[in-house]
């Protein structure tokens, strides 16, 4: 099987799982919290994010192995004709975003399912996930520096912030129910931001390659997602701590 054929198969799987997750995402976000639909569709969203991120790892590795063979339509493009640009944007940065998505989805899933035993959130696989994301973030920054793409360097900061906030929560002694739900919101909405960003930016390259480097395509999901995180975290705090007590 050629690298291009494998790449196209992975892209098709990525579209199916990713599109499903991006539609399902809005049910737990917009619906009643804690109900049957919230749990059911929240679980489906988490599983699709884990699948989408895992497939994206394969897509990025295939791109890194054969950047021109997997993106032949970019051979004559004025920006992406250089294989180093294809490897940087569609290889290394996609690998980073894939790892970020898996990290956030897994963190969000664990913190809500381990509500009776917080120490289980510090399982070896979740701590390893933080290390892998840190390495991926450093690499994304470095690869962006090599090809002089500030956007890659800027996006890597999200990974560093994610690891820092994840570890801050994981090593809290006894997080309150409010703190646990706030972390759940941050992680799973963050996973949605990551995938929406990838779909907007990398999907655009198949139609108009220049759009892959347009800051607006990267900024819109981030702004919308951060707004949702702030709104729902505040709503949870007000609902569960009406007296104004800070989340511990």
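Nothing in this text is a laboratory measurement; each read-out follows from the coordinates by a stated rule. If you're wondering where the values come from, they're calculated on a predicted model, not measured in any experiment. Counting neighbours? That spans all protein chains shown, and the Cβs are built from the backbone with ideal geometry, glycine included.
Axis of helix 177-204 versus longest Cα principal axis of the chain: the two differ by about 20°, to the nearest ten degrees.
For the range 58-100, the residues whose backbone nitrogen is under 20 Å from a point 7 Å from the Cα of residue 138, taken along Cα to Cβ, are 88, 92-100. When each of 186, 33 is scored by the number of other beta-carbon atoms lying within 10 Å, the sequence from fewest to most is 33, 186. The GNM of the chain, with springs linking C-alpha atoms under 10 angstrom apart, assigns the highest mean-square fluctuation among 61, 50, 131 to 131. Between 28, 221, 150, the residue with the greatest mean-square fluctuation in the GNM of the chain (Cα pairs under 10 Å linked by springs) is 150. Helix 124-146 axis versus longest C-alpha principal axis of the chain: approximately 40°, rounded to the nearest ten. Look at the alpha carbon pairs under 8 Å that are at least 6 residues apart: their mean separation over the length of the chain gives a relative contact order of 18 percent.
Extending 7 Å from the Cα toward the beta-carbon at both residue 1 and residue 230 defines two label points whose distance is 4.5 nm.
To the nearest ten degrees, helix 150-170 and the longest principal axis of the Cα atoms of the chain are 30 degrees apart.
From helices alone, the chain scores -25000 deg cm²/dmol at 222 nm; the rule is -39500 (n - 2.57) for each run of n ≥ 4 DSSP H residues, then divide by the residue total.
Note on the chain: GNM, Cα springs under 10 Å; of 180, 116, 40, the largest mean-square fluctuation is that of 116. Listed peptides 92-104, 156-168 appear in the order 92-104, 156-168 once ranked by packing, highest mean of other Cβ atoms within 10 Å at the front.
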